[in-house]
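Let me begin by presenting the structure, written as C-alpha cells, before commenting on it.
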Amino acid sequence: MAELLTDQEISDALTKLPDWQREGESIVRTAELAGFPQAMEVVNRVAELAESVNHHPDIDIRWRTVTFRLSTHSAGGLTVKDISLAEQIDETLGSV
Ligand SMILES: C[C@H](O)[C@H](O)[C@H]1CNC2=NC(N)=NC(=O)C2=N1
C-alpha cells in the first residue's frame, strides 16, 4: 500500500501543482471549461487515466466547472498516487 505523505512532502509537491490546494487529507482543483461538452470530454479522459492507474478522483461537474478531489482512500490520506494523478489531470486540462 502507498505510504502517506508528510505535511512537508505535500507542501513540496504542491509547489509544482499551483492549481491545486490542500483541503485536509485531500488535494482539490477546479477548472472552468469552454462549455459542458468540453467538461465532459475532460472528465472522460480523466476517467480513462484513473482506470489505467487504478486510482480515482472524486469529480464534481457543474455545467462547465469541474472539480477534482484526490485522496488515497485505502491509506486514509495523501500518497504519491494522488500527486501523480494530479499531474496527469493537469496535462489533460492543458490539452483541451
Ligand atoms: C480495489 C481497488 O484497487 C481499490 O479500491 C482502488 C481503486 N481506486 C482508488 N482510488 C482512490 N482515490 N483511492 C483508493 O484507495 C483506491 N483504491
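Can you name the residue in region 52-63 that is open to solvent by 70 Å² or more (accessible area, probe 1.4 Å) and more than 9 Å from the ligand (Cβ to nearest atom) and, of all such residues, is farthest from I83 (Cα to Cα)?
Across region 52-63, the extreme among qualifying residues is W63.
Specify the residue that is farthest from T67 (Cα to Cα); the eligible residues are those in region 7-23 that are assigned to a loop (DSSP other than H, G, I, E, B) and open to solvent by 70 Å² or more (accessible area, probe 1.4 Å).
K16
When the residues of region 64-75 are narrowed to those that are out of contact with any strand residue (DSSP E or B) (no Cβ under 7 Å at 6 or more places or on another chain) and either more than 9 Å from the ligand (Cβ to nearest atom) or open to solvent by 60 Å² or more (accessible area, probe 1.4 Å) (or both), which ends up farthest from V96 (Cα to Cα)?
Step one: filter region 64-75 for residues out of contact with any strand residue (DSSP E or B) (no Cβ under 7 Å at 6 or more places or on another chain), giving 72-75.
Filter again for either more than 9 Å from the ligand (Cβ to nearest atom) or open to solvent by 60 Å² or more (accessible area, probe 1.4 Å) (or both), leaving 73-74.
On the way: H73: 29, S74: 31 Å.
If we take residues in region 64-75 being out of contact with any strand residue (DSSP E or B) (no Cβ under 7 Å at 6 or more places or on another chain) and either more than 9 Å from the ligand (Cβ to nearest atom) or open to solvent by 60 Å² or more (accessible area, probe 1.4 Å) (or both), then S74 is farthest from V96 (Cα to Cα).
When the residues of region 76-94 are narrowed to those that are without any contact (Cβ under 8 Å) to a residue 60 or more places away in the chain and more than 12 Å from the ligand (Cβ to nearest atom), which ends up most open to solvent (accessible area, probe 1.4 Å)?
This residue is E91.
The values are calculated or read from the model by the stated rules, or taken from the named source; none is laboratory data. Note that this is a predicted model, so its numbers are computed, not measured. Counting neighbours? That spans all protein chains shown, and the Cβs are built from the backbone with ideal geometry, glycine included. For the accessible areas, the whole protein counts, side chains as well, though only heavy atoms, and no ligand, DNA or RNA atoms are used. Shrake-Rupley method; radii C 1.70, N 1.55, O 1.52, S 1.80 Å.
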